[in-house]
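Take a look at the structure set out below.
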């Protein structure tokens, strides 16, 4: 019998499996896909996430593969109105690391195979929980019945584990919608994130490895054209940067929502990552939040400690992240023309405060009080 069976081979599920395997626990990961997804998706690894990845044994490879985002600029009407310098946060990782999710997953899969060969079961979809006792949970996956001491649902926003348990996912959709894409780097902004605060809505821009850059544009709910050409046109209109639509390697049109389970723990079944909490991708906190969940869950399983504290700590962190994401979305919404100078003036005054700059930098990098999981060696 496995110590832990994990549903979902994204970064969160793989991180949980590796953490447990490193402490000598028997693990298996069940993934419904037959092949990894070739899509850049989430790119932001905040300092707490980098600490988790270092603990998992992939830290040096992650650092070699990623690009450091060392600060940010707020730009409106062609001029800088605010800036952030992440070096002020201190610590081992005074930056956000940009690395496409597919690359993070690849490094984690390779690490898991080193520790527990054959433990990743691809093309093996979760079906249902068959029963639980005080010591184990029985479930079906891939047409076979399995038993484990713990079952972890790390299978995303549309979690089959959560649905099978009948666990609620309360919350709401937001009116904010975005179109993002990855293009060749043409800005000269190097290691800087840029937020273009345009009257029609924000444009965000982040460096990627291999001389590429991620662009995210707020769009109207009714907009149906999500082509690279339309995205490049919106970026040119709002920022002045001309991008090559034919060189775009990915586009994604996405909405935003905030939803959360009432509890992450249901007998011998634990929900974590997006299966437990959905927050807006704006601000890029979701992946780091999920990796911290994995570390916390692994710590409790390895220590044979009660899971009771998990909800207060991890759902509390998710609620804080959701509030930060909602503030980010609010700042990026369209404004009437008369309000833009007032907004810019207010932001410039606030940005002149060293204390506030430091607080915003800590919030953006998820290094403020209470935002880490458990101590990392």
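Listed here are the residues, each with its yes/no results for (1) within 19 Å of the chain's Cα centre (by Cα); (2) farther than 30 Å from residue 126 by Cα; (3) free of Cβ contacts under 8 Å to residues at least 24 places away in the same chain; (4) not in a strand (DSSP E or B).
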{"residue": "3", "(1), (2), (3), (4)": "no, no, no, no"}
{"residue": "15", "(1), (2), (3), (4)": "yes, no, no, yes"}
{"residue": "20", "(1), (2), (3), (4)": "no, no, no, yes"}
{"residue": "24", "(1), (2), (3), (4)": "no, no, yes, yes"}
{"residue": "34", "(1), (2), (3), (4)": "no, no, no, yes"}
{"residue": "38", "(1), (2), (3), (4)": "yes, no, no, yes"}
{"residue": "60", "(1), (2), (3), (4)": "no, yes, yes, yes"}
{"residue": "81", "(1), (2), (3), (4)": "no, yes, no, no"}
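Look through the stretch 312-335, keep the residues that are assigned to a loop (DSSP other than H, G, I, E, B) and under 26 Å from residue 361 (Cβ atoms), and return whichever of them is farthest from the chain's Cα centre (by Cα).
Result: 335.
Looking for something buried (at least 23 other Cβ atoms within 10 Å of the Cβ), in contact with a strand residue (DSSP E or B) (Cβ under 6 Å, 6 or more places away or on another chain) and outside any loop (DSSP other than H, G, I, E, B) - is there at least one such residue anywhere in the stretch 288-311?
Yes, the stretch 288-311 has at least one match.
Residue by residue through the stretch 240-260, note down the ones that are buried (at least 16 other Cβ atoms within 10 Å of the Cβ) and touching a helix residue (DSSP H, G or I) at 6+ places or on another chain (Cβ under 7 Å).
Matches in the stretch 240-260: 241, 243, 245, 248, 251, 256, 258, 260.
If you scan the stretch 153-172, which residues turn out to be within 15 Å of residue 140 (Cβ to Cβ) and part of a loop (DSSP other than H, G, I, E, B)?
First, pick out the residues of the stretch 153-172 that are within 15 Å of residue 140 (Cβ to Cβ): 153, 155, 160-161, 163-165.
The one that is within 15 Å of residue 140 (Cβ to Cβ) and part of a loop (DSSP other than H, G, I, E, B): 155.
Looking at the stretch 123-152, which of its residues are surrounded by fewer than 19 Cβ atoms within 10 Å (Cβ to Cβ), touching a strand residue (DSSP E or B) at 6+ places or on another chain (Cβ under 9 Å) and in a loop (DSSP other than H, G, I, E, B)?
125, 135, 136, 142, 143
Is it true that some residue in the stretch 63-74 is touching a helix residue (DSSP H, G or I) at 6+ places or on another chain (Cβ under 9 Å), surrounded by fewer than 16 Cβ atoms within 10 Å (Cβ to Cβ) and free of Cβ contacts under 8 Å to residues at least 24 places away in the same chain?
No, the conditions are met nowhere in the stretch 63-74.
Residue check: is residue 329 modelled with pLDDT of 95 or more, surrounded by fewer than 23 Cβ atoms within 10 Å (Cβ to Cβ) and in contact with a strand residue (DSSP E or B) (Cβ under 7 Å, 6 or more places away or on another chain)? Break it down into steps so the answer makes sense when it comes.
Details: modelled with pLDDT of 95 or more: no; surrounded by fewer than 23 Cβ atoms within 10 Å (Cβ to Cβ): yes; in contact with a strand residue (DSSP E or B) (Cβ under 7 Å, 6 or more places away or on another chain): yes.
Spelling it out, it is not the case that residue 329 is modelled with pLDDT of 95 or more, surrounded by fewer than 23 Cβ atoms within 10 Å (Cβ to Cβ) and in contact with a strand residue (DSSP E or B) (Cβ under 7 Å, 6 or more places away or on another chain).
The values are calculated or read from the model by the stated rules, or taken from the named source; none is laboratory data. Only a predicted model underlies this, so the values are computations on that prediction, with no experimental measurement involved. Heads up, the Cβs are rebuilt from the backbone with ideal geometry, glycines too, and the neighbour counts pull from every protein chain shown.
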